[in-house]
Amino acid sequence: MVPVDDMPELIFTVALAQELPVEWLRERGWPVCRLAQLRAEGPRPLRGPVGVVLTGVGPRAAEQAARWIVAHLGPSYPIVVNLGTAGCPSGARPLGQFVVPELAVGPACPALAIDPRLPFAWPRGLPLRRGGRLRSLPRPAVAAGEAETHLPADCVDMEAYGQAAVFRAAGVPFHVLKRISDHGGSGAEAQFR
């Protein structure tokens, strides 16, 4: 366990380093650590009020990161915010829009409520869509119509549901903030980049 005085109060979980301005965060003193580093070194690299954990892509990696946070940063858990990108196969959300879902849904799993409030101030003038469902898929849904078979959902990702389930069971405050990166289909990979 990290000494309580050094424990982060806010942890951001992110699948890919490309989804963040990593160097900018480090310049401001925010530790950005891969899960593999934390497994090897323990929680020491996360000292400070805010930390970022790069989980790796997919539901398994996201769930493993959540379990590590629960096992090593308790008993006074930080607030966790899952940041990242999400697809919007229906095209109902514009590319670049930020969304804060109120429900996370996994494959063949019941929906889990997510607190739609963010634990930090949101910049005025920057559009933010609150509410809706985020469905976490087991793999990227880039084929035309593939994600629609898993709906109803406003957006899709691969990580949020696994973390929501782990953190809910442990009583850890959990929030989700996603940015629409693609509309699925054959152009999804190019839109994501």
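For Ser136, indicate whether it is of a type in the set (S, T, N, Q), under 23 Å from Ile180 (Cβ atoms) and open to solvent by 40 Å² or more (accessible area, probe 1.4 Å). In short, no. Looking only at residues in the range 95-125 that are in contact (Cβ under 8 Å) with a residue 60 or more places away in the chain and buried (at least 16 other Cβ atoms within 10 Å of the Cβ), the one that is nearest to Phe174 (Cα to Cα) is Ile114. Output the residues belonging to the range 112-131 that are under 16 Å from the mean Cα position of the chain (by Cα) and more than 15 Å from Arg179 (Cα to Cα). Result: Leu112, Ala113, Ile114, Asp115, Arg117, Pro119, Phe120. The lone criterion from (1) touching a strand residue (DSSP E or B) at 6+ places or on another chain (Cβ under 9 Å); (2) in a helix (DSSP H, G or I); (3) open to solvent by less than 30 Å² (accessible area, probe 1.4 Å) left unmet by Val53 is number (2).
Of the residues making up the range 65-77, those that are closer than 20 Å to Asp115 by Cα and surrounded by fewer than 22 Cβ atoms within 10 Å (Cβ to Cβ) number 4.
Tally up the residues in the range 1-49 that are more than 17 Å from Pro75 (Cα to Cα) and either open to solvent by 50 Å² or more (accessible area, probe 1.4 Å) or under 19 Å from the mean Cα position of the chain (by Cα) (or both), please. So the count comes out to 30.
Could you grab me the full set of residues in the range 82-99 that are aliphatic (A, V, I, L, M) and under 19 Å from Glu159 (Cα atoms)? Let's see the steps before the verdict.
Step one: list which residues in the range 82-99 are aliphatic (A, V, I, L, M), which gives 83, 86, 92, 95, 99.
The answer is Leu83, Ala86, Val99.
Within the range 42-62, is there a residue that is in contact with a His (Cβ under 8 Å, 6 or more places away or on another chain) and within 19 Å of Ala160 (Cα to Cα)? No: the range 42-62 contains no residue that is in contact with a His (Cβ under 8 Å, 6 or more places away or on another chain) and within 19 Å of Ala160 (Cα to Cα).
Somewhere in the range 88-103, is a residue farther than 23 Å from Val53 by Cβ and hydroxyl-bearing (Ser, Thr, Tyr)? Lay out the reasoning, then the answer.
Taking the range 88-103 and keeping what is farther than 23 Å from Val53 by Cβ, we get 88-97, 102-103.
Adding the requirement that they be hydroxyl-bearing (Ser, Thr, Tyr) leaves 90.
Yes: one or more hits.
Filtering the range 126-166 to residues that are at pLDDT 85 or above, charged (D, E, K, R) and part of a loop (DSSP other than H, G, I, E, B) leaves Asp154, Glu159.
Could you go through the range 101-112 and let me know if any residue there is of a type in the set (A, V, I, L, M, F, W, C), out of contact with any strand residue (DSSP E or B) (no Cβ under 7 Å at 6 or more places or on another chain), at pLDDT 90 or above and within 29 Å of Asp154 (Cα to Cα).
Quick first cut of the range 101-112, residues of a type in the set (A, V, I, L, M, F, W, C) only: 103-105, 108-109, 111-112.
So of that shortlist, the ones also out of contact with any strand residue (DSSP E or B) (no Cβ under 7 Å at 6 or more places or on another chain) come out as 108-109.
Imposing the further condition that a residue be at pLDDT 90 or above reduces the set to none.
So far as the range 101-112 goes, no, none of its residues is of a type in the set (A, V, I, L, M, F, W, C), out of contact with any strand residue (DSSP E or B) (no Cβ under 7 Å at 6 or more places or on another chain), at pLDDT 90 or above and within 29 Å of Asp154 (Cα to Cα).
The values are calculated or read from the model by the stated rules, or taken from the named source; none is laboratory data. Just so it is clear, the model here is predicted, and its values are computed rather than measured. As a convention, Cβ positions derive from the backbone with ideal geometry for all residues, glycine included, and neighbour counts pool all protein chains shown. Side chains included, ligands, DNA and RNA excluded: accessible areas come from the protein's heavy atoms. Shrake-Rupley method; radii C 1.70, N 1.55, O 1.52, S 1.80 Å.
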